[in-house]
Amino acid sequence: ISYFKAEKIEFEILTREKNVVFVNLKGLDSDKLINQLGGIVKIGLVFENLDQFDFYDKVKIGISFYTENVDFEKNLKDLFKKNRIRYVLKRPKKEDVLMPSEVIKKDLIENGYEFLVYKEKTARTINVYNPFLYQERDEKRPYYDERIVSSIRLAKILVNLCMLRNGLLLDPFCG
C-alpha cells in the first residue's frame with residue numbers, strides 16, 4: 001500500500017486479511033509490480049465465471065485454496081466433463097496452496113492455469129514471485145556468505161515501506 005501511495009498509483013482495497021489482499025488497480029503492470037514489491041507472492045485477476053476461459057485438451061490446472069471452497073473444484077471438473085476436456089490437476093506439495101516455485105516448474109502461467117480461491121472470490125494467477133531469480137542474484141554477488149547476507153526481498157520490502165521515491169536512503173546495515 002505504501003508503494004502505491006509513493007508511486008501515486010490509483011488503488012482501492014477490496015479485501016484485506018492475513019494472507020490475502022484484493023486490490024483494484026488501474027493499469028496493472030504485473031511484471032513491474034512483482035519485481036518491485038518484495039512481499040508479493042502471486043498476482044491474479046479476479047473473474048466471475050469459468051466459461052470465459054478457452055480451455056484446451058490436456059490442460060494443466062493448479063488450484064490454490066486460501067480458504068475452503070469445495071464448489072470451485074467440483075464446478076471446474078463438471079465443466080471439463082461436459083466439454084470432454086482432459087486435464088492434469090497439479091496438487092500442492094504442502095498445505096493447500098501451490099508455492100511460486102511449483103507454479104514456475106509446472107509452467108502453469110504460460111501453458112496452463114493456476115486458480116487462486118479465497119471464499120467466494122476466484123482469480124487466475126498472472127504472475128508469481130520467482131525465487132530462482134533471487135537465488136541466482138544473491139549467489140552472483142561479489143561476496144556471498146549465506147550466514148550474514150540480507151535477503152533482496154526483505155530489502156525491497158523495507159525500501160517500499162519508506163515510501164521514498166526521490167532522495168537519499170542511508171542503509172545502516174550495509175556492513
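General observations
- Filtered by the rule that a residue be under 11 Å from the mean Cα position of the chain (by Cα) and within 17 Å of F80 (Cα to Cα), the range 98-115 gives E114, F115.
- Taken as a whole, the structure leaves K26 outside the set of residues that are over 27 Å from S151 (Cα atoms), surrounded by 15 or more Cβ atoms within 10 Å (Cβ to Cβ), basic (K, R) and in contact (Cβ under 8 Å) with a residue 12 or more places away in the chain.
- Restricting the first member to the range 7-18 and to residues that are in a strand (DSSP E or B), and the second to residues that are open to solvent by 70 Å² or more (accessible area, probe 1.4 Å), the beta-carbon pairs closer than 8 Å and six or more apart or on different chains are F11/K26; I13/V21; T15/V21.
- Criterion violated by Q36 - all others in (1) surrounded by 16 or more Cβ atoms within 10 Å (Cβ to Cβ); (2) touching an Asp or Glu at 6+ places or on another chain (Cβ under 9 Å); (3) not basic (K, R) satisfied: (1)
- Those strands (runs of 3 or more DSSP E) lying entirely in the range 48-150 with at least 1 residues open to solvent by 40 Å² or more (accessible area, probe 1.4 Å), of a type outside the set (A, V, I, L, M, F, W, C) and closer than 18 Å to D31 by Cα: 121-128
- Contacts under 6 angstrom Cβ, first residue in the range 89-113 being free of Cβ contacts under 8 Å to residues at least 40 places away in the same chain and of a type in the set (A, V, I, L, M), partner surrounded by fewer than 19 Cβ atoms within 10 Å (Cβ to Cβ) and in a loop (DSSP other than H, G, I, E, B), 6 or more apart: L98/P92
- Among (1) without any contact (Cβ under 8 Å) to a residue 60 or more places away in the chain; (2) among the charged types (D, E, K, R); (3) in contact with a strand residue (DSSP E or B) (Cβ under 9 Å, 6 or more places away or on another chain) - the single one K74 does not satisfy: (3)
- Candidate set: the range 11-20, residues that are open to solvent by 80 Å² or more (accessible area, probe 1.4 Å) and touching a strand residue (DSSP E or B) at 6+ places or on another chain (Cβ under 7 Å); chosen: the one farthest from R86 (Cα to Cα): E12
The values are calculated or read from the model by the stated rules, or taken from the named source; none is laboratory data. All figures in this text were calculated on a predicted structure; none of them were measured in a lab. Backbone-built Cβ (ideal geometry, glycine too); neighbour counts: all protein chains shown. These area figures cover heavy atoms from the full protein model, side chains too; ligands, DNA and RNA do not enter into them. Shrake-Rupley method; radii C 1.70, N 1.55, O 1.52, S 1.80 Å.
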